[in-house]
Each structure stands twice: as C-alpha cells, then as structure tokens.
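Take a look at the structure below.
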Amino acid sequence: MTIIGPDRTGLVESVARVVAAHGGNWLESRMSRLGGEFAGILRIELPVEKRQALIDGLQTLQGRGLTVVIRPGDPSAAPVPGRLARLEIVGHDRPGIVQQITRALADAGVNVEEFSSEVVSAPMSGETLFKAVARLQLPTGGNDAALKANLEKIADDLLVDVSFAEVSA
C-alpha cells in the first residue's frame, strides 16, 4: 500500500494500529518526510478473508487527511536476478542531473531500487550542492565497464563527482 499526507506525530502508528488490529503482518516499508508531507510504501501480509475489513479500517484514516492506496501483491513475483551496486553523486546543483544519470542507467538496463537526494549548502563556500545516493540492481551479463565510463563522462559534463561500486547483497 501507499500512504501520503501532511506529516504529523503518530501517523505511522495509526497505520500500524489498523494493520495489527486486522491481523496483518508488517513485512517491509520505506517511509519519509519531505517538504512537510509524509509518504511511504509498505508491504503487509494478512489472511485473504480479512482483506476487506483492513481496507475498511484504513479508509477511516482518510478522514484524518491520509491518502491510502491499496494494491494486492503478486505472490508469484520472483526477485529479479542481478547484482547490487551503490551510486553516489555530489556536485554543484543544476537542473538535469537526475535526468541524465537515470537515462544512462535505464539505457544500461539498470533498475533503480532506491534513490534519495537533497540540496545542501557546501560547508566552506555556502554554494548549493546536490547530493544523491542510489541502490541499483545491475542486469546479469551487463557491461559494467561501459556503464561506469558513461557515468564518468556524464559526471565530467555536469561537473559532479560520481562514485559507482558493486556491493554485496
């Protein structure tokens, strides 16, 4: 399910309470506050016969400003084979950094599993810096050397530093 709404204390607890009250098991989630809004995706497991009751319970949260979108999972979906990598980007902020980097990743068949970014003040100069970290799923049989060379070329063009390395699962 996906949840989004104005950030407030107790928001996650209110979702967890409804899930637990209906016999759901919280399997995994990614949640964050950004710009005064709170958003998250989570995966839960519960008996099929309790599904509608859970949906009805979650609908009560919408009356308190929380949007909840529920989508049944596909139990037959298998993990995608491949290797994991970490990508870090740091440099002067400018439009187009994310688009150019993600275009190179998509062209190489790389799946972006997690991506977080921020704009901060540089410690000494106060200039605006763009920072991003991504967890990537590299395709089996992919050309890592070509991908790395392409990322380095883009980094040179954008005047940013890019660090790319395979990591263990």
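Of the GluC sites (Glu not before Pro) found in segment 48-151, those in coil by DSSP whose Cβ has at most 11 other Cβ atoms within 10 Å are Glu127.
Within the same chain, aspartates and glutamates fewer than 8 places from Lys131 are excluded, and of the rest, those with a Cα less than 18 Å from its Cα are Glu88, Asp93, Glu113, Glu114, Glu118, Glu152, Asp156, Asp157, Asp161. Remark: the Glu118-Thr9 segment gains 36.9 nm on full extension, using 0.36 nm per residue and subtracting the alpha carbon distance. Tell me which trypsin sites (Lys or Arg not before Pro) from segment 1-68 have a DSSP coil assignment and no more than 15 other beta carbons within 10 Å of their own. Filter output for segment 1-68: Arg8, Arg64.
What 222 nm value per residue comes from the helices of the chain, counting each DSSP H run with n ≥ 4 as -39,500 (n - 2.57) and dividing by all residues, nearest 500 deg cm²/dmol? For the chain, the value works out to -9000 deg cm²/dmol.
Placing a pseudo-label 7 Å from each Cα along the Cα-to-Cβ vector at Asp107 and Ser125 gives an inter-label distance of 2.7 nm.
Sorted ascending by nearby beta carbons within 10 Å, beginning with the fewest, His22, His92 become His92, His22.
Could you tell me how many degrees, from 0 to 90 and to the nearest 10, lie between the Cα long axis of helix 97-107 and the main elongation axis, the longest principal axis, of the Cα atoms of the chain? So the helix axis and the longest Cα principal axis differ by about 90 degrees. In the chain, a dipole from Cβ-located charges (positive for Lys and Arg, negative for Asp and Glu) runs towards its positive end, and of Ala21, Gly82, Leu147 it is Ala21 whose Cα lies farthest in that direction. Modelled spin labels at Ala20 and Asp156, positioned 7 Å past Cα toward Cβ, are 5.6 nm from each other.
Would you please classify the overall shape of segment 11-169 from the alpha carbon gyration tensor, given that a ≥ b ≥ c denote the square roots of the eigenvalues, rounded means a/c under 1.5, and beyond that prolate means a/b larger than b/c while oblate covers the rest? Verdict is oblate for segment 11-169.
The mean sequence separation of alpha-carbon pairs under 8 Å and at least six residues apart, normalised by the residue count of segment 2-69, gives a relative contact order of 43 percent. What FRET efficiency comes out for the pair Ala39/Arg64, r = Cβ-Cβ distance, R0 = 22 Å, nearest 0.05? E between Ala39 and Arg64, to the nearest 0.05, is 0.90. Quick one: grab the alpha carbon gyration tensor of segment 1-81, order the square roots of its eigenvalues as a ≥ b ≥ c, and give me rounded if a/c is under 1.5, else prolate or oblate depending on whether a/b is larger than b/c. Oblate shape, in that a/c is at least 1.5 and b/c is the bigger or equal ratio.
Since every read-out is calculated from the coordinates, none of them should be taken as a lab result. From a predicted model like this one, the values you see are computed outputs, not experimental measurements. Every residue, glycine among them, receives a Cβ derived from its backbone with ideal geometry; neighbour counts consider all protein chains shown.
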